[in-house]
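Undergrad: There's a structure below that I have some questions on.
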Amino acid sequence: MYVRKRRRPVSEINVVPYIDVMLVLLIIFMVTAPLVTQGVKVDLPKAEAQPLEDDSKPPLIASVDASGNYFLNIAEDEKQAMTAVDVATLVAAHLRIEPETPVVVKGDGAVPYSNIVQLMVLLQRAGAPSVGLMTDPPEN
């Protein structure tokens, strides 16, 4: 008489395909990450300043280009010029949701100072407790 042995089920997961997928995704993200740029091209003024404290929340960046157009990094299209009212509305709405978000102004060096001050006043009226200015470090 032939006795048939009962096979036990194998309870192992083959993780090799998962590792392959993860390595492919890692390579894709490493290649595409430098290609993603944010914001508008602005020539920042040079100044020695201390960097912001490393905060868990990314700042709201309101930009003014050389033509005096306003931009905001949380808008639907960051490269689309906005009116002052639109900037104030978006900033106020965002600060109601996340009141601890830092607000920074990124102004082109060729923009008149009055435009920067007007933007800062606009942001403070929108509810920003303090507004910082973004600069580039000076070249030695």
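Undergrad: Any chance you could count how many residues in the stretch 87-112 are hydrophobic (A, V, I, L, M, F, W, C), under 22 Å from residue 76 (Cβ atoms) and either in contact with a Lys or Arg (Cβ under 6 Å, 6 or more places away or on another chain) or assigned to a loop (DSSP other than H, G, I, E, B) (or both)?
TA: Result for the stretch 87-112: 0.
Undergrad: Which of the residues belonging to the stretch 118-137 are among the hydrophobic types (A, V, I, L, M, F, W, C) and either crowded, with 17+ Cβ neighbours inside 10 Å or modelled with pLDDT under 85 (or both)?
TA: The answer is 119, 120, 122, 123, 126, 128, 131, 133, 134.
Undergrad: Among the residues of the stretch 84-95, is any of a type in the set (A, V, I, L, M, F, W, C) and touching a residue at least 40 places away in the same chain (Cβ under 8 Å)?
TA: For the stretch 84-95, residues of a type in the set (A, V, I, L, M, F, W, C) and touching a residue at least 40 places away in the same chain (Cβ under 8 Å): absent.
Undergrad: Go through the stretch 88-132 and report how many residues are under 18 Å from the mean Cα position of the chain (by Cα) and within 14 Å of residue 65 (Cα to Cα).
TA: Matching residues across the stretch 88-132 total 3.
Undergrad: Which one of the conditions (1) among the acidic types (Asp, Glu); (2) within 20 Å of residue 128 (Cβ to Cβ); (3) at pLDDT below 80 does residue 86 fail to meet, given that it meets all the rest?
TA: The one condition residue 86 does not meet is (3).
Undergrad: Right, next: Examine the stretch 20-43 for a residue that is surrounded by 10 or more Cβ atoms within 10 Å (Cβ to Cβ), small (Gly, Ala, Ser) and either at pLDDT 85 or above or more than 26 Å from residue 82 (Cα to Cα) (or both), and state whether such a residue exists.
TA: No, because not a single residue in the stretch 20-43 is surrounded by 10 or more Cβ atoms within 10 Å (Cβ to Cβ), small (Gly, Ala, Ser) and either at pLDDT 85 or above or more than 26 Å from residue 82 (Cα to Cα) (or both).
Undergrad: Evaluate the stretch 69-78: report whether one residue or more is surrounded by fewer than 10 Cβ atoms within 10 Å (Cβ to Cβ) and modelled with pLDDT under 80.
TA: Looking for residues that are surrounded by fewer than 10 Cβ atoms within 10 Å (Cβ to Cβ) and modelled with pLDDT under 80, one finds at least one in the stretch 69-78, hence yes.
Undergrad: Of the residues 93, 81, only one is closer than 19 Å to residue 57 by Cβ and surrounded by 12 or more Cβ atoms within 10 Å (Cβ to Cβ); which?
TA: 93
The values are calculated or read from the model by the stated rules, or taken from the named source; none is laboratory data. These numbers come from a predicted model, not from an experiment. In this analysis, Cβ positions are derived from the backbone assuming ideal geometry, glycine residues included, and neighbour counts consider all displayed protein chains.
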